[in-house]
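Notes follow the structure.
The values are calculated or read from the model by the stated rules, or taken from the named source; none is laboratory data. All values reported here derive from a predicted model rather than from experimental measurement. Quick reminder, even Gly has a Cβ in these numbers, built from the backbone with ideal geometry, and neighbours come from all protein chains shown.
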Amino acid sequence: MAAVYQAVHRRTTSLLCRLHSTYVRKMRYLNGLKEDDSLCRQAQGSGTFYLFHNLSPFLQKTGKKYLVPQLRAAELKRILEKFPETEQWLEKSVLIGCSDEHIAHFALDLGALEKSVLERDLQGSFTDLRKALFVVDRKDSHLLAAAQSLLRWHDSHQYCSRTGQPTQKNAAGSKRVCQASGITYYPQMSPVIITLVSDGSRCLLARQPSFPQGMYTALSGFCDIGETVEETVRREVAEEVGLEVESLRYSASQHWPFPSSSLMIACHALVRAQQAEISMDSLELEEARWFGLEEILEGLKRDPRSSKQDDGSVLPWFPPKQAIAHQLICEWVNQQSAQPA
């Protein structure tokens with residue numbers, strides 16, 4: 001009987017600890033905001049807002065640092081009062097997260113308003129998201145990426161694809177509903193694999209014509225309907241560089257807002273050294289080549305500015321640390337460094 005009591009006590013204690021977990025309470029609060037419009041509207045009154053203008057986030061520069069201001073509803077209302085067309089601005093906001101103290105975070109796009117007037121009143125500037133993601137703190141970059149993707153999705157899903165009738169957003173922006181058909185639409189992401197190919201002693205990096213000069217990165221491509229991640233990795237490597245993957249392993253994932261909203265699934269792939277001759281798809285890539293450990297280490301020290309040489313040439317450089325491709329490259333370096341000489 002004592003053993004039974006102890007087992008029940010352990011399970012009860014474990015359950016209570018989970019229910020009192022900050023993370024669990026936070027997730028349940030967020031889910032409540034998504035499901036209950038009145039609760040979400042109440043949270044808007046005490047929440048904070050990240051601002052965008054035509055999908056460009058608002059930043060403020062302090063010294064060498066870029067900050068992402070979070071405006072309270074009262075502050076935002078005061079600024080927007082001069083624009084009569086923004087009376088219903090709260091209805092256009094979308095929920096993007098909350099603090100551990102249950103302060104809800106929202107995003108709002110003010111693209112219909114005069115940009116220069118807003119920047120003057122707010123004392124900052126609306127910045128292209130590609131630049132913003134690499135100059136703000138990691139915590140803010142995640143929220144900005146999620147916010148832009150959600151705002152973009154709502155802008156492109158204002159009508160039902162079956163009836164052509166307008167769809168209505170719920171208060172949190174977690175879905176849109178067509179009243180005519182009853183269809184509910186939810187925001188979606190496109191799965192994309194990003195793969196660092198290695199033959200054991202070298203890793204393969206490539207570049208597309210649209211890339212900044214000198215930048216090389218891992219291979220990537222969208223998953224096709226019906227494919228597993230493993231099948232996508234093998235197909236993309238075969239299509240782009242003509243190599244057959246022998247084995248692969250998962251590394252991590254990252255939400256990426258480009259071109260619209262993607263889930264980057266990062267993997268390492270191994271090919272046989274004896275069959276490592278590259279046959280590049282010139283329609284997809286401008287260049288693909290093998291890099292040794294020393295060249296990778298040197299490339300990791302460079303950025304777009306330091307890669308430019310006096311004679312006009314550009315040395316290879318790699319995506320910055322905020323990109324998951326950088327993580328893949330660093331993992332490969334650590335693996336090579338750990339191997340016995």
message: Among the listed residues ALA172, ALA180, ALA132, ALA145, identify the single one that is hydrophobic (A, V, I, L, M, F, W, C) and in contact with a Lys or Arg (Cβ under 6 Å, 6 or more places away or on another chain).
response: ALA172
statement: Taking the stretch 276-305 and keeping residues in contact with a helix residue (DSSP H, G or I) (Cβ under 9 Å, 6 or more places away or on another chain) and closer than 13 Å to PRO209 by Cβ leaves MET280, ASP281, GLU284, LEU285, ALA288
- request: For the stretch 132-182, name all the residues that are among the basic types (Lys, Arg) and closer than 15 Å to LEU95 by Cα.
  value: ARG152, LYS169, LYS175, ARG176
statement: Of the residues in the stretch 24-64, those that are free of Cβ contacts under 8 Å to residues at least 40 places away in the same chain and touching a helix residue (DSSP H, G or I) at 6+ places or on another chain (Cβ under 7 Å) come to VAL24, GLY32, LEU39, GLY45
- prompt: Taking the stretch 237-276 on its own, how many of its residues are touching a residue at least 12 places away in the same chain (Cβ under 8 Å), more than 18 Å from GLU331 (Cβ to Cβ) and not in a strand (DSSP E or B)?
  reply: 14
query: Here are some conditions: (1) within 26 Å of the chain's Cα centre (by Cα); (2) at pLDDT 90 or above. LYS64 meets all but one. Which one does it not meet?
result: (2)
message: Which numbered condition in (1) in contact (Cβ under 8 Å) with a residue 24 or more places away in the chain; (2) exposed (fewer than 15 other Cβ atoms within 10 Å of the Cβ); (3) out of contact with any Pro (no Cβ under 7 Å at 6 or more places or on another chain); (4) in a loop (DSSP other than H, G, I, E, B) is the only one that GLU284 fails?
response: (2)
- prompt: What are the residues in the stretch 88-106 that are assigned to a strand (DSSP E or B) and closer than 16 Å to LEU51 by Cβ, if any?
  reply: VAL94, LEU95, ILE96, GLY97, ALA104, HIS105, PHE106
